[in-house]
Amino acid sequence: MVSYNCLTCAVCRKDYPLEAGIFSCPGNSPGEEHILRRTLPLGSEVVARIRKFWATGSTLTFDLFSPLLSGCTLIGYDRYRRMLDGMTERLLGMEGRDFDVTPMTEEPGLESALGRSGRLWVKNETGNVTGSHKGRHLMGTLLYLEALRALKGKVAKKVLAIYSCGNAALGASAVARAGGYELHAFVPEDVDPAVAAMLAERGTVVEKTPRSSTGEGDPCYLAFQKALTENGWVPFACAGNDNWSNIEGGSTLGWEMVMQLLDRSERVDGVVIQVGGGALARSVAQALEEALQLGFISALPRIHVCQPEGGFPFVRAYLLALAEIARRSGHSFDLSYDRSADPLVQLQKTAAFARARSDQIREVAAFVQRSFDSPLVLSVLNHVAGTAGRFMWPWDGAAPHSLAHGILDDVTYDWYYLLGAVLRSGGSAEILAEGTIHDAYEMAQSRTGIPVCPTAASGLAGLIQLQASGTITPREAVGLLFTGFDRTKTR
Ligand SMILES: [Zn+2]
């Protein structure tokens, strides 16, 4: 049965109404993947409304895609629009900008540097609220929270909490302040002082948390979890495991790309997305999958993702899932991962396998794409959800380091639906050499003039490597997301 307009859990196979105001699955159990996903509102009317709003030339992103947003579904368009207008006015007053459609440009300088004949599109989020895409994720949550309050007769505003090493907390602080909410941000003790100052300036309570050894998970995340349990605070995090609603906020980024490409009668064959906690990639993948489902696009672009060699829990999970599918389908796949052995050695072996056996990886990935809806693949995906701890666990390699430090999350929290999207679309998951990350950062700034930070330019590093290995051809049209402003350049 297809359900509309509700929250659904992949493991419980149960639907929850939007009105319930829950942010994570009540049936959650350790080692299983109980991630809530918002199902689409019913089709044709949504399609007509998005097309109509877009045709007006409006740039107010949370208005344009309101037919997809749960806050609007809950209280109806007129009340939602008044709420959004109030929030927009406060954001403009406090931050000097609101959530407008961000630029997407073709970048001929990068195309020629990479020897491409296919177009290269860059979505530029560096000028968004607080300089990254993170705010839009949490704007989705704020609008949902406010719609719930409106339904319940203006009950008191709850205290919000986030864990982050920078941009997510900043985005959250701007959005929480515009909404008049108290926010606590759990950040590493070595947080960039400029970021800490910007947080304090916005009235956010900065909770510095010391780093522990690897393998135990992010201490900021653990402190955040404790605060939710002990104080009843609301997860205002940029990750879908604790807060599904930030994903629909983030998906406006993918929707903007879809509509901006349609405006130009263009399409992309693939996107390459940098992955840390995974909310960005999952959001964009969800937008592309929904755009396909609603008939805005005729084929799903290949969704490629990449992580630094300093920390790649998603790529590990992707390879382990492929290994399971290969085992059940009789394909060769020379990866064996022993959880009882030294994790450093296992991770080295995994990275070496990814480098040496791209032929095997590509063959199994192509098989999965061809037979995504087959009982075999679906049963593996169900198995993965039910035994999630065997595929995704906190980073247990050496302490993670990378120039792209914003994507060194211990866990890719939004890995499960992302894995499905990468597999369904025939995409790949790439481990980035540190040198490529440096090259991509320099190339991104010098060839586009966009003040993008190394983390946000690392999708370009993915493209460089995927093109070098022949996974992406120079003829394919590709989309990249420059998601964060380079603050180091302004000091
Ligand atoms: Zn569940």
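Of note:
- Taking 0.36 nm per residue of separation and subtracting the Cα-Cα distance, full extension of the segment from A48 to A156 would add 35.3 nm.
- Ordering of 446-454, 65-73 by packing [mean C-beta count within 10 Å, highest first]: 65-73, 446-454
- Take each peptide in 158-164, 136-142, 327-333, 147-153, count the other Cβ atoms within 10 Å of every residue, and average; sorted highest first, the result is 136-142, 158-164, 147-153, 327-333.
- Unsatisfied cross-links (Cα-Cα over 32 Å) in the set K14/K154; K52/K157; K208/K349: K52/K157; K208/K349
- Ranked by the mean number of other Cβ atoms within 10 Å of their residues, highest first, the peptides 392-400, 456-464 fall in the order 456-464, 392-400.
- Radius 11 Å from Cβ of W393, net charge of other residues (Lys, Arg +1; Asp, Glu -1): 0
- Other residues within the sphere of radius under 9 Å centred on the Cβ of S425, judged by their own Cβ, net out at +1 (K and R +1, D and E -1).
- With all protein chains in place and ligands, DNA and RNA left out, the 1.4 Å accessible area ranks I273, I22 as I22, I273, largest first.
- Counting only protein heavy atoms and using a 1.4 Å probe, the accessible area of Y77 comes to about 60 Å².
- Relative contact order %, the stretch 132-280, counting alpha carbon pairs below 8 Å whose residues are six or more apart: 29
- D (Stokes-Einstein, µm²/s), Kirkwood Cα radius, the stretch 220-319, 1.567 mPa s at 4 °C: 85
- At a Cβ-Cβ separation cutoff of 4.7 angstrom, cysteine residues of the chain with no neighbouring cysteine are C6, C72, C165, C220, C238, C306, C453.
- Once Rg and the Kirkwood radius are both taken over the C-alpha atoms of the stretch 312-432, their ratio Rg/Rh works out to 0.94.
- For the stretch 287-380, the alpha carbon positions stretch 48, 31, 23 Å along the principal axes, listed from largest to smallest.
- Once the Kirkwood radius over Cα pairs is known for the stretch 369-484, the Stokes-Einstein relation at 10 °C and 1.306 mPa s delivers a diffusion coefficient of 98 µm²/s.
- If the convex hull is drawn through the Cα atoms of the stretch 1-96, its volume per residue in Å³: 130
- Dividing the Cα radius of gyration of the stretch 196-254 by its Kirkwood radius returns 1.02 for Rg/Rh.
- The convex hull built on the alpha-carbon positions of the stretch 421-473 has an orientation-averaged projected area of 4.1 nm².
- All Cα pairs of the stretch 51-168, percent lying beyond 22 Å: 46
- With all pairs of different C-alpha atoms in the average, the Kirkwood value for the hydrodynamic radius of the stretch 158-215 is 11.3 Å.
- Calculated mean residue ellipticity at 222 nm for the chain: -14500 deg cm²/dmol, from DSSP H runs with n ≥ 4 weighted as -39500 (n - 2.57), summed, divided by the residue count and rounded to 500.
- Solvent accessible area, Å² - Y416, 1.4 Å probe, full protein context: 30
- Whole-angstrom Cα spans of the stretch 50-92 along principal axes, big to small: 26, 25, 13
- 30 Å tail of the calculated P(r), the chain, as % of Cα pairs: 42
- Charge sum, other residues only, whose C-beta stays under 10 Å from A223's C-beta, Lys/Arg counted +1 and Asp/Glu -1: 0
- Fraction of alpha-carbon pairs over 27 Å apart in the stretch 90-248 - percent: 31
- Per-residue SASA entry for D98, accessible area with 1.4 Å probe, Å² rounded to 10: 10
- Relative contact order (percent, whole number), the chain, Cα cutoff 8 Å, 6+ residue spacing: 19
- The mean accessible area for residues of the chain, using a 1.4 Å probe and ignoring ligands and nucleic acids, is 37 Å² per residue.
- Accessible surface ranking that places the most exposed of L36, L114 first, with a 1.4 angstrom probe: L114, L36
- A dipole drawn for the chain from +1 and -1 charges on Cβ atoms has a positive end, and of A113, V422, Q260 the residue lying farthest that way is Q260.
- Accessible surface of the chain [probe 1.4 Å, protein heavy atoms]: carbon and sulfur percent: 52
The values are calculated or read from the model by the stated rules, or taken from the named source; none is laboratory data. These figures come from a predicted structure and were not determined experimentally. So basically every Cβ, Gly included, is an ideal-geometry build from the backbone, and we count neighbours across all protein chains shown. Just so you know, the surface numbers come from the protein's heavy atoms only, side chains and all, with ligands and any DNA or RNA stripped out. Shrake-Rupley method; radii C 1.70, N 1.55, O 1.52, S 1.80 Å.
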